[in-house]
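In what follows, a structure is listed as structure tokens, so that the remarks can point back to it.
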Amino acid sequence: MEEKFNIKFIDNKGTFTLKNPDQFKRLYFPLMNSSGLVSSITPDLKGDIKTGQDSFLTIPVSVEDLYLTGSGRNFWARINNTHIWSATGMQSRSWKKNKDDVLLEAGLLYHKVTRINNRLKIRSDILNFVPSSGETCELMLVTLTNLSKNTMKIDPFFGMPLFCRSAENLRDHRNVTSMLNRTRLTKNGIIVTPTLLHNESGHSVNRTSYYTGGFTGKGRLPKGFFPTVTDYIGESGDFLHPEAVFQNRKPVKKFEQGTEAAAGIAFAPVDLLPGRSAEFIILLGITENTDEIQKWNNKFSTTAKCMKSLEETKKFWLDYSKRIQFTLSDKKFNSWIKWVSVQPLMRKIAGNSFLPDFDYGKGGRGWRDLWQDLLAIILVDPQDAKEMLLNNFAGIRIDGSNATIIGKKPGEFIGDRNNIARVWMDHGVWPFYTTALYIDQSGDLDILFSNVKYFRDFQIKRAAEKDWNWKEGQKNELRTSSGKIYMGSVLEHILIQNLIPFFNVGDHNNILLEGGDWNDGIDMAKDKGESVAFTSFYAGNLEGIASLLGRLKKDKKVKTIEVYEEMKVLLDTPH
């Protein structure tokens, strides 16, 4: 990364700078917190903000959209009623008279861009971060500075298109879902609460609200708002040339419901003396409880309050990066490795979706990702890792297969992100491999006898058949014939996931590839494909399991273990 982008680390906390980042059209930065708000942000403040697949404040983007779209967080300065400048650099080319000098600074976990326009004699410093204190909102602090020798009159505007619904609606019923938007204005912002969640398999009442609010750095309210796309950009404008800004229109009092929403915020004019600055705060949030919005307003209504939150956020991520540290003579490596140290938590929050480069699927982590991330978390936080391990084992089916997608809540699983019956042949290796590392680090052999549920859905016989009596909406819990939830030990779960593949081999006695494996894209590997690599992996697991059983016999005096009756067919080798 350092060689490609020529970044410069400026301290021992992982903070770095990059000159003229606008030249890198696919460059973006992640912002997030443990409550699940995930943002992506580019040097010109494009990117998106969401809490899940069905709750995007802004238009969902992939990495290619970052340079194709004009959608993003934009802040405008109308200077002396003669010049209009985008403080983010997001402006139509015909209005860019000369290039800004740009410096990006990023740290754990904040993003700051400084722009200087030498012709207009103006500077912007724009800071974005998601508070570590858990509010599901992103904070944006804009500072405009007069670099000229004369007083400068500035009319400030914030503008951004709002999406306020599921990513599914980007191409599925976008027009219909825009009609569901219900927008209201508050003293300092815009709240959009769609009436319904649109799903043709069954619509439901929407409880999520999307908020954009503003203050001056001293806590003063905005002058007014442009809450719809038409109000903000007009009939002939766009988001790189909005009529509200370029024609200096008055904020609207009345507006149309059931249309595409926008966050157009006009602030009162400011007379900036030479060398003086003006500050503005933008709050960008998603919540299922609108009472939270007033709490955000109270907590982040001034520059001083935002900067206090920034310091808390920096400390949170820095402290997390210190849980496991690597120190070499190479100072650049020591700074870079801090970003590696926080990645397990970032992966836990964002999964393998929800950032522009990782745009496959519909959110959440996959089974393989879940266990691989735990390998790092075990080193950082062993106690938390134990709880996660036990939750994760509840995703294993009684036939040795497993759910493939992990939900937001502990122990919440989804059979498959696209509701397709399939199995991945390597999935069974990861639970034991990860648990073995936990035991090696903690010495906690007793975890093997913790009782855990099994996952149950319509897939049976390792996705070879469907249970047509299974009703959608049933709890994903395996039950006995009497209706009691069946609980099995962690060791039982481990055995079933490793014994079944042992017998599932092809002509060459290597373990067969399954329908979910990507290898079958060309050669129809599901019919004849075998994996030498994972046959070896499973063999290593079986050796490790045998070793653990030996330790249980020696250290814990365990002579017998309990497994469910149907497993006997897999234990047919006499000893």
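The values are calculated or read from the model by the stated rules, or taken from the named source; none is laboratory data. Not measured: the values here are computed from a predicted model. Don't worry about glycine lacking a Cβ; one is built from the backbone with ideal geometry, like all the others, and counts go over all protein chains shown. Heads up: the accessible areas ignore ligands, DNA and RNA and are worked out on the full protein's heavy atoms, side chains in. Shrake-Rupley method; radii C 1.70, N 1.55, O 1.52, S 1.80 Å.
Within the range 256-263, identify whether any single residue is without any contact (Cβ under 8 Å) to a residue 60 or more places away in the chain and surrounded by fewer than 19 Cβ atoms within 10 Å (Cβ to Cβ), and answer yes or no. First the steps, then the outcome.
From the range 256-263, those without any contact (Cβ under 8 Å) to a residue 60 or more places away in the chain are 256; that's our starting set.
Subset that is surrounded by fewer than 19 Cβ atoms within 10 Å (Cβ to Cβ): 256.
Yes, the conditions are met somewhere in the range 256-263.
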For this session: Search the range 441-461 for residues being charged (D, E, K, R) and more than 31 Å from the chain's Cα centre (by Cα), and hand back the single one that is most open to solvent (accessible area, probe 1.4 Å).
Result: K461
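Restricting the range 476-493 to residues that are of a type in the set (S, T, Y) and touching a residue at least 40 places away in the same chain (Cβ under 8 Å), which is most open to solvent (accessible area, probe 1.4 Å)?
Y486
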For this session: Would you be able to tell me the number of residues in the range 171-183 that are under 11 Å from A261 (Cα atoms) and open to solvent by 60 Å² or more (accessible area, probe 1.4 Å)?
Result: 2
Exercise. Only one residue in F326, F316, F300 is under 25 Å from G14 (Cβ atoms) and modelled with pLDDT under 95. Which one?
Worked result: F326
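Which ones in the range 316-328 are outside any loop (DSSP other than H, G, I, E, B), touching a residue at least 40 places away in the same chain (Cβ under 8 Å) and open to solvent by 40 Å² or more (accessible area, probe 1.4 Å)? Break it down stepwise before answering.
So the first thing to find is which residues in the range 316-328 are outside any loop (DSSP other than H, G, I, E, B), and the list is 316-321.
Within this subset, residues satisfying the condition of being touching a residue at least 40 places away in the same chain (Cβ under 8 Å) are 316-318, 320-321.
The answer is F316, and nothing else.
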Exercise. Looking at the range 118-125, is at least one residue at positive phi, in contact (Cβ under 8 Å) with a residue 12 or more places away in the chain and open to solvent by 60 Å² or more (accessible area, probe 1.4 Å)?
Worked result: yes
For this session: Restricting attention to strands (runs of 3 or more DSSP E) lying wholly within the range 131-218, give those where 1 or more residues are among the small types (G, A, S) and touching a Ser or Thr at 6+ places or on another chain (Cβ under 9 Å).
Result: 189-192, 209-216
Problem set entry | Sole residue being at pLDDT 95 or above, closer than 24 Å to I154 by Cα and under 30 Å from the mean Cα position of the chain (by Cα), chosen from T259, T216 | T216
Problem set entry | Near pairs, Cβ below 9 angstrom, 6+ apart or cross-chain, from the range 19-31 (closer than 30 Å to S133 by Cβ) to any residue that is crowded, with 20+ Cβ neighbours inside 10 Å and charged (D, E, K, R) | P21/D44; Y28/K46; L31/E138
Exercise. What single numbered condition from (1) more than 28 Å from K348 (Cβ to Cβ); (2) open to solvent by less than 30 Å² (accessible area, probe 1.4 Å) fails to hold for D22?
Worked result: (2)
For this session: Find all pairs meeting these conditions: Cβ atoms under 6 angstrom apart; at least six residues apart or on different chains; first residue within the range 335-363 and modelled with pLDDT of 85 or more and open to solvent by 20 Å² or more (accessible area, probe 1.4 Å); second residue in a strand (DSSP E or B) and not aromatic (F, W, Y).
Result: I349/M32; L355/P30; L355/S40
For this session: Starting from residues that are under 25 Å from S62 (Cα atoms) and in contact (Cβ under 8 Å) with a residue 60 or more places away in the chain, keep the ones in the range 194-217 and report whichever is most open to solvent (accessible area, probe 1.4 Å).
Result: L197
Exercise. So I84 fits all but one of (1) closer than 17 Å to L104 by Cα; (2) of a type outside the set (S, T, N, Q); (3) over 22 Å from the mean Cα position of the chain (by Cα); (4) open to solvent by less than 20 Å² (accessible area, probe 1.4 Å); what number is the exception?
Worked result: (1)
Problem set entry | Selection count where residues are surrounded by 19 or more Cβ atoms within 10 Å (Cβ to Cβ) and modelled with pLDDT of 80 or more, scope the range 502-529 | 4
Seminar exercise, completed: When restricted to A376, A421, the only residue assigned to a helix (DSSP H, G or I) and either buried (at least 22 other Cβ atoms within 10 Å of the Cβ) or more than 15 Å from the chain's Cα centre (by Cα) (or both) is A376
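Going by the structure shown, is R368 among the basic types (K, R), within 19 Å of P501 (Cβ to Cβ) and either open to solvent by 70 Å² or more (accessible area, probe 1.4 Å) or touching a Phe, Trp or Tyr at 6+ places or on another chain (Cβ under 8 Å) (or both)?
Values: among the basic types (K, R): yes; within 19 Å of P501 (Cβ to Cβ): yes; either open to solvent by 70 Å² or more (accessible area, probe 1.4 Å) or touching a Phe, Trp or Tyr at 6+ places or on another chain (Cβ under 8 Å) (or both): yes.
Answer is yes for this residue.
Can you tell me which residue is nearest to G219 (Cα to Cα) among those in the range 251-287 that are part of a strand (DSSP E or B) and among the β-branched types (V, I, T)?
To start, the set of residues in the range 251-287 that are part of a strand (DSSP E or B) comprises 261-266, 270-272, 277-287.
Right, trim to among the β-branched types (V, I, T) and you get 265, 270, 281-282, 286-287.
On the way: I265: 15, V270: 14, I281: 9, I282: 11, I286: 21, T287: 22 Å.
For the range 251-287, the residue satisfying everything is I281.
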Exercise. Quick one: would you say T313 is of a type in the set (S, T, N, Q), buried (at least 20 other Cβ atoms within 10 Å of the Cβ), under 26 Å from the mean Cα position of the chain (by Cα) and more than 30 Å from A244 (Cβ to Cβ)?
Worked result: yes
Exercise. Does N150 qualify as being within 29 Å of H83 (Cβ to Cβ) and open to solvent by 10 Å² or more (accessible area, probe 1.4 Å)?
Worked result: yes
Seminar exercise, completed: Going through the range 229-255 in order, the residues found to be of a type in the set (S, T, Y) and open to solvent by 10 Å² or more (accessible area, probe 1.4 Å) are T230, S236
Exercise. Which members of the range 432-491 meet the condition of being more than 25 Å from R422 (Cα to Cα) and in a loop (DSSP other than H, G, I, E, B)?
Worked result: G443, D444, S450, S481, S482, G483, K484
